Each structure stands twice: as structure tokens, then as C-alpha cells.
Amino acid sequence: NSMKITLCNFKGGVGKSLIAHQLITGFNFNGLELDPYGSLSQRLPDRVKKISIKEQQLPELLPEEPLLFDFGGFDDIKLQQACSMSNLVAIPFIPTLESVQGTLRTLQALKDVATPFLLVSKKKKKTQDIQDALVAFQEQREQKLEHFVLPLSVALQTAVNENTSVLTLARGNSLKAYAYQKAATLMQNLFDKIVELSI
């Protein structure tokens, strides 16, 4: 795995950090945290390096290093750089009006990025809300966009709180492990989708 992935959305609170945490702990990525309010680098200091918002350039990267760029909820000069180095741009969103508007702003800012996109919808209130959002995003990009549903999961949040991968929690034969298997399968499916879409 030498993939590089950019995680971004100008709307905060859509699950970027949760997804980043689980990809780093479960699938051997290192992370660059480009979010001044983020806590990934504190949770995973040996795997995640915080980059100051003042930096104009991304640091030198090793081509073979699997890396995740975790951006905060705003446009950053380094976002275009990260996208151009990445195999995939993953944009988590929630199908609410506010989140959809933030996601549209993100897609607009990345209109010249040729890297494949994956939209990850976080909460599933009504499937129709997600469909409506996707129609808006596809009109914005003028292309069909790949999409993955990651329902809100207590198991995933627990894994983050315990600072481990849900895949680790799901191993073993105990009843407790069994409780994490659905969420572990979801994360594995998300990772498989990322691999499939990566150039």
C-alpha cells in the first residue's frame, strides 16, 4: 500500500477525523494533519504529523509511503497540492442543507482536480436526502461521482475513543468482538472501495 488519500470538506463535523483515524489505525497509513483544530496528531503521535496552517508547501514526501492528508473545514493553499499527489480525494458529508452547501463549496474549489473523488455519506436519515445531495454534487462536477454510505456507528466512535482500529476490536471470539464485526466490515469495504478507485 503506497496510496495517498486526501480527506476534506469545508464543512466541519462530517466525520473526516473518524474516517482518518480508522484508516490510519486499521490500514497502516501515516497521516498529515492539516487541521489546526484536529487532535489526530495528539491521539496518534507516532503515525500523524501536524502541519501548520501557515506553511505554504507540503513537506517532502516519500513516494512509497501510504499517507492520508486530513484537512480542516476550510480552503487551504496546500489542498490543491495534496489532491494532485493523491490517488483519491475522499469527501465525507452529511445529507443536511448546511453540509451539502459546504460540500458544494469544496467541489467548486477542487473543480480543476483530475484525481478520482469518493463521496462518503455519514448519516443515513433518508436515502432520498443522500440521492438529492448526490444529484447536486454531480451537477457541480458534471460527472458521475462514486459514493459510499458509512452509517453512524457507536462501534466506530468507541474504536476512536479507545484509540484503536475497529478491526482490532472485532478480532477474537468474544461477544464483545462480535459487536464490532459489522463496523469492521464497513471499514474494510470502505478501504476496498478506496483501493478500487485509486489510480
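Within region 107-143, take every residue that is charged (D, E, K, R) and in contact with a strand residue (DSSP E or B) (Cβ under 8 Å, 6 or more places away or on another chain) and give me the one that is farthest from Leu190 (Cα to Cα).
Within region 107-143, the subset charged (D, E, K, R) is 111-112, 122-126, 129, 132, 139, 141-142.
After this cut, where a residue has to be in contact with a strand residue (DSSP E or B) (Cβ under 8 Å, 6 or more places away or on another chain) as well, the list is 122, 124, 141.
Working: Lys122: 12, Lys124: 16, Arg141: 22 Å.
Restricting to residues being charged (D, E, K, R) and in contact with a strand residue (DSSP E or B) (Cβ under 8 Å, 6 or more places away or on another chain), the top hit is Arg141.
Anything in region 24-48 that is outside any loop (DSSP other than H, G, I, E, B), touching a strand residue (DSSP E or B) at 6+ places or on another chain (Cβ under 6 Å) and under 25 Å from Leu167 (Cα atoms)? List them, or say none. Working first, answer last.
Going through region 24-48, the residues outside any loop (DSSP other than H, G, I, E, B) turn out to be 24-27, 30-34, 40-43, 48.
When the remaining residues are screened for being touching a strand residue (DSSP E or B) at 6+ places or on another chain (Cβ under 6 Å), the result is 24, 30-34, 40-41, 48.
Residues satisfying the conditions are Ile24, Asn30, Gly31, Leu32, Glu33, Leu40, Ser41, Val48.
Only residues in region 41-61 that are in contact (Cβ under 8 Å) with a residue 40 or more places away in the chain count as the first member; pair them with residues that are of a type in the set (D, E, K, R) and open to solvent by less than 100 Å² (accessible area, probe 1.4 Å), Cβ under 9 angstrom, at least 6 apart or cross-chain, and list the lot.
Pairs that qualify, where the first residue is in contact (Cβ under 8 Å) with a residue 40 or more places away in the chain and the partner is of a type in the set (D, E, K, R) and open to solvent by less than 100 Å² (accessible area, probe 1.4 Å), are Leu61/Lys4.
Scan region 79-89 residue by residue and report those that are more than 20 Å from Glu196 (Cα to Cα) and surrounded by 20 or more Cβ atoms within 10 Å (Cβ to Cβ). Let's see the steps before the verdict.
Within region 79-89, the subset more than 20 Å from Glu196 (Cα to Cα) is 79-81.
Leu79 - this is the single residue of region 79-89 that is more than 20 Å from Glu196 (Cα to Cα) and surrounded by 20 or more Cβ atoms within 10 Å (Cβ to Cβ).
Could you give every pair whose Cβ atoms fall below 8 Å, whose first residue belongs to region 1-19 and is within 17 Å of Leu32 (Cβ to Cβ), and whose second residue is among the basic types (Lys, Arg) and in a helix (DSSP H, G or I), counting only separations of at least 6 or pairs across chains?
Leu7/Lys16; Cys8/Lys16; Asn9/Lys16
Assigned to a strand (DSSP E or B), farther than 17 Å from Ile24 by Cβ, open to solvent by less than 50 Å² (accessible area, probe 1.4 Å) and not acidic (Asp, Glu) - does that describe any residue in region 90-100?
Step one: of region 90-100, the residues assigned to a strand (DSSP E or B) are 90-93.
With farther than 17 Å from Ile24 by Cβ added as a condition, the list becomes 91, 93.
With the extra rule that they be open to solvent by less than 50 Å² (accessible area, probe 1.4 Å), the set shrinks to 91, 93.
Retained after the next criterion (residues that are not acidic (Asp, Glu)): 91, 93.
Checked against the condition, which is being assigned to a strand (DSSP E or B), farther than 17 Å from Ile24 by Cβ, open to solvent by less than 50 Å² (accessible area, probe 1.4 Å) and not acidic (Asp, Glu), region 90-100 yields at least one hit.
Kindly indicate the residue of region 1-17 that is outside any loop (DSSP other than H, G, I, E, B) and at pLDDT below 95 and also least open to solvent (accessible area, probe 1.4 Å) among those meeting that condition.
Here is the first cut: in region 1-17, the residues outside any loop (DSSP other than H, G, I, E, B) are 4-7, 16-17.
Narrowing further to those that are at pLDDT below 95: 16-17.
Values: Lys16: 14, Ser17: 54 Å².
Only one residue fits best here, namely Lys16.
For (1) closer than 30 Å to Gln128 by Cβ; (2) of a type in the set (A, V, I, L, M), each residue gets a yes or a no:
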| site | (1), (2) |
| --- | --- |
| Leu62 | no, yes |
| Leu67 | no, yes |
| Gly73 | yes, no |
| Lys78 | no, no |
| Ala82 | no, yes |
| Met85 | no, yes |
| Ile91 | yes, yes |
| Thr96 | yes, no |
| Ser99 | yes, no |
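The values are calculated or read from the model by the stated rules, or taken from the named source; none is laboratory data. Since the model is a prediction, treat every value here as computed from it, not as a measurement. Note: ideal-geometry Cβ built from the backbone for every residue, glycine included; neighbour counts use all protein chains shown. Just so you know, the surface numbers come from the protein's heavy atoms only, side chains and all, with ligands and any DNA or RNA stripped out. Shrake-Rupley method; radii C 1.70, N 1.55, O 1.52, S 1.80 Å.
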